[in-house]
Amino acid sequence: MTASFDIHKAEAALMKEHAFSSALCRFLEFGRSCLLNAPCEAPPLPEAADFEPLAKMLAKAKNAYDSDLTLGLDADDMGLIAPLLAAFNLGNYASEAADRLIAPADHAQDIAMEAVFDLSEDIDNLPFCRLIPLNEFRRELRTRLPEKNHFLFPWLSEGLDFDSDSLERIIQVWDELWNKTAPKEETEALVPVQTAIQSDTALMDHLMKEAEFHASVMKAAGEVSRQQHMERARRSAEEGPGIMDRIISWFRMPAVSGAVALALMVGIYFSTQIGKDGHPMPIGVTMEMLVYQDGLTVRGGEEAKPDVRRPGDAPPKAGDAVQLRFMLKEPAYIHIYHQESSDRRELLFSGRLDKGIHLFPNEGKRMRIVRAEEDEVIILVASKRVLSASELDDAIRNGTSDGSQDTVTIFFQL
């Protein structure tokens, strides 16, 4: 089913739910045909009372949209929003039909339509940038409209030029955007979005709260990771080397290396990963390992460029330092593990990341190989949805989650 079919179905459901008269339905269909540049024969005018349920429906839809219901939307919420967009469309159809069919002499109908006109005007001024996460759906809907009529459907047009994940990205770099310390790429992409949504105070408050929550989660995750590392160190002293302590150690690379690593991210070619069956992976994710031989070797004041290795290439050697570099063609839930054996596995990272290029570890850190056993691997699991512990285990053991086509698993030999 297409987006247009979904909305047309929602329009029909609303007309039935609010008991629109057959005369009003024909009136609305005439207005719809005119807006789509396919005018049909003019129908008889509905009675003045026929417009009352239309006005009530528009008022209800306007209030619902202007509530917290439309804050924090994502692409999966189209089923929630479709009835509201359908209601707004019906208001447009009525206004178009009234402009063409209701003359001043039709006093009763003219008066009855005043409420519809007023509500439609209020609806036009609603903050439709809240719908940015649904931009792919809205773009498809707008292709059905003649370009000259796009301005009549602000709920399908405002903020449509922005990426669908823009609001979520603003949450993730909120402080950097306000402090003007965000990377140039994020600044250029997100500041126009930030400007467009400034007048929507409810949305701005929502994004700020989400940004505070995101920051607290990331801080807590970092603290948990630090405590886990300290606990591993304690166990190592008491019981001998633990999994991560024996294999890799964390260190911060020199300042000069940071610039080198960032430069390496530009212009990299990522080929599509191919599964065991020879078909492309279901998620657009590609992973490479950057291997800095001899770990901290610096020549002439500059660090040598790393070897770029893909799954199946030669593993790094003891003393080498590594980073994982992966590209997501769409947002995904990412889990990175170190696995010593099938029953000894440790989580290194877990979280939802946006599309684009990512490094692990980031913030100028690398993993240094101390000593690796034959079967030890780094594993990346990418999924379109949150996976349970059992699903993650299945994804690692079998390459998918319960046969799902929404999960990709990539292995790197250490």
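So that you can scan it fast, the table gives a plain yes or no per residue for (1) farther than 17 Å from TRP155 by Cβ; (2) surrounded by 21 or more Cβ atoms within 10 Å (Cβ to Cβ); (3) free of Cβ contacts under 8 Å to residues at least 24 places away in the same chain:
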| site | (1), (2), (3) |
| --- | --- |
| GLY31 | no, yes, no |
| LEU36 | no, no, no |
| CYS40 | yes, no, yes |
| PRO44 | yes, no, yes |
| ALA48 | yes, no, no |
| PHE51 | yes, yes, no |
| ALA59 | no, no, no |
| ASP66 | no, no, no |
| THR70 | no, yes, no |
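If you go through the stretch 124-160 and pick out every residue that is open to solvent by less than 30 Å² (accessible area, probe 1.4 Å), among the aliphatic types (A, V, I, L, M) and over 22 Å from ASP76 (Cβ atoms), you end up with 1. Residues that are over 21 Å from CYS25 (Cα atoms), of a type in the set (A, V, I, L, M, F, W, C) and without any contact (Cβ under 8 Å) to a residue 60 or more places away in the chain within the stretch 95-128 comprise ALA105, PHE128, listed in sequence order. Checking TYR337 against (1) at pLDDT 80 or above; (2) assigned to a loop (DSSP other than H, G, I, E, B), which test does it fail? Status for TYR337: all satisfied but (2). Across the stretch 343-391, the qualifying residues are those that are in contact with an Asp or Glu (Cβ under 8 Å, 6 or more places away or on another chain) and open to solvent by 80 Å² or more (accessible area, probe 1.4 Å), and the one among them that is modelled with the lowest pLDDT is GLU373.
The values are calculated or read from the model by the stated rules, or taken from the named source; none is laboratory data. Only a predicted model underlies this, so the values are computations on that prediction, with no experimental measurement involved. Here Cβ is always computed from backbone atoms with ideal geometry, including for glycine, and neighbour counts include all displayed protein chains. Each accessible area value is taken on the protein alone, full model and side chains, heavy atoms only, with ligands, DNA and RNA left out. Shrake-Rupley method; radii C 1.70, N 1.55, O 1.52, S 1.80 Å.
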